[in-house]
1. Looking only at residues that are assigned to a loop (DSSP other than H, G, I, E, B) and touching a His at 6+ places or on another chain (Cβ under 7 Å) in the stretch 184-236, which one is nearest to P253 (Cα to Cα)?
2. Looking only at the stretch 246-268, filter to residues that are of a type in the set (S, T, N, Q) and over 19 Å from the mean Cα position of the chain (by Cα); which one of those is least open to solvent (accessible area, probe 1.4 Å)?
3. Please pick out the residue among K351, K318 that is of a type in the set (D, E, K, R), open to solvent by 50 Å² or more (accessible area, probe 1.4 Å) and in contact with a Gly (Cβ under 7 Å, 6 or more places away or on another chain).
4. Suppose we filter the stretch 246-298 for residues that are in contact with a helix residue (DSSP H, G or I) (Cβ under 9 Å, 6 or more places away or on another chain), part of a strand (DSSP E or B) and acidic (D, E); how many remain?
5. Can you find a residue that is free of Cβ contacts under 8 Å to residues at least 40 places away in the same chain and surrounded by 20 or more Cβ atoms within 10 Å (Cβ to Cβ) anywhere in the stretch 378-388?
6. Among the listed residues R101, R94, identify the single one that is farther than 19 Å from S402 by Cβ and among the charged types (D, E, K, R).
7. Residue check, N165 against (1) over 21 Å from T287 (Cβ atoms); (2) open to solvent by 50 Å² or more (accessible area, probe 1.4 Å), all met but one. Which one?
8. Restricting attention to the stretch 431-459, report how many residues are within 26 Å of P103 (Cα to Cα), assigned to a loop (DSSP other than H, G, I, E, B) and open to solvent by less than 10 Å² (accessible area, probe 1.4 Å).
Amino acid sequence: MFQTNRLSYCVNKILILGIVLLFSFTSCKDEKMKGEGKAYDPSKPITLTSFSPMEGGARDKILLDGKNFGTDPSKIKVYFNNKEAAVVSSSGERIYVIVPRLPGEDPVIRIEIEEQSASYDDPFNYAAQAQVTTVTGSGDREFVPGTLDQAHVCAKYLELDAEDNLFMTWRDGVGDEKYGVGRVSEAENLVTSMYLASEKPYPYANGVTVDRETGMMTVSHESVVDVFFSFDPREGWYPRQRNASFAEEHGIPTGDQYMNFVSFSPYDGFLYTRSRDGSVVRINPDTYEATVVHSGSKAAGSKWPYGSQYGQAINPAKPWELWMTLHSNAAPNEFKQGIMMLDLRPEHIDKGFRRVNATGGSNHRDGPIEDAVFHLPKDIKFDNDGNMFVADYGNHCIRMVSADGIVTTVAGQPKVSGYRDGGPLESMFNNPWGVAVNEEGDIYIADYGNSRIRKLVIE
């Protein structure tokens, strides 16, 4: 999918340009004929004949030919698989649309007009283009604030707010900055610290989450169940300790009170965190009231996998889905090297976490998610369309799980470490750990082994 024949793609671009010029040349004639075009007739079927070009990428123009489309583009919906395309115009027998971003494998073009739907027989050949660049970092693990080209970073976990402030946490830096929380702003060309500590830190931060409506950023205190920290942009992101209040004993064993992550869910407006024993805690971010929404593995058997998660995220396309990754210390064994999902809805939560990828990890295999294999998967994040991005630490690459469940390697060389920017065939990572996705779908990566933050743009 990502190993595009460059010559073919360039030729395709020329063909697209020719088609667009032809369309522009005839646009005046089309406008003249617009009033003469036939309106959509619901008593007659939609007829599809052909489309051109047959291949292309995001934001390319494509012409869909057939009959009984009508001339009102507001009544026409076009999908590439399940991804909706922008409809520009229709002459009644030709629809002009813009190819959407990342429609999935071998997208089938479907046209819907009122109660009717029809699909072309041939799939569209979507040519995804990817490019990796370095945002900041020098390769030195000692944190140093400054401009993007001068700063040093050692980030592990990342998250973004709606204003593209990139937040990072780390816990094995150097010297007085061994532990910390920081902010990266490409718009301001600046890397700053928000919290620094040399030992026994508060917060002992791992995963970070942001409510993109309010901008509130939250991190958990890894080893204290009832403590978390909030950073309010209205207060300049000053860190404030919050103490969760349990109405009754939470019952999480003392040796398993490691709350590595916290995730904000727009589904119900609560924060969710999980302990090493598998207990999931729901926290009201305003009142700090906390409730164990299901008990851990020692109380419920293998239905609740034991182990420290290395990634946790909410799917914004289905915000009742809480996802996580497990690997080295997971139990039972069938949960190791796994990507898991818990449905937070009351009628589903008792079913527990469901593993979605194949068992038998410590390897690399793309394909349908049920056949895919990862090697020490770390952080996970979603774009707004429900595509998941995985920092595949042990394979030194970034993987994408599409919304329809297909896994592809989008950047990096599987099983080969290094440092290099470029396209999917050139880019290299060294133990990528954290990921974050902005509103436009750009992916930021904490390239842990290279002590840099990288940016992956896919179209």
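The values are calculated or read from the model by the stated rules, or taken from the named source; none is laboratory data. All values derive from a computational prediction rather than experimental measurement. Glycine also receives a Cβ, built like all others from the backbone with ideal geometry; neighbour counts cover every protein chain displayed. Protein only, heavy atoms only, side chains kept; ligands, DNA and RNA dropped before computing areas. Shrake-Rupley method; radii C 1.70, N 1.55, O 1.52, S 1.80 Å.
1. Across the stretch 184-236, the extreme among qualifying residues is V225.
2. Looking at the filtered set, the residue picked out is N260.
3. K318
4. 0
5. Taking every residue of the stretch 378-388 in turn, none turns out to be free of Cβ contacts under 8 Å to residues at least 40 places away in the same chain and surrounded by 20 or more Cβ atoms within 10 Å (Cβ to Cβ).
6. After applying the criteria, what remains is R94.
7. (2)
8. Of the residues in the stretch 431-459, 2 are within 26 Å of P103 (Cα to Cα), assigned to a loop (DSSP other than H, G, I, E, B) and open to solvent by less than 10 Å² (accessible area, probe 1.4 Å).
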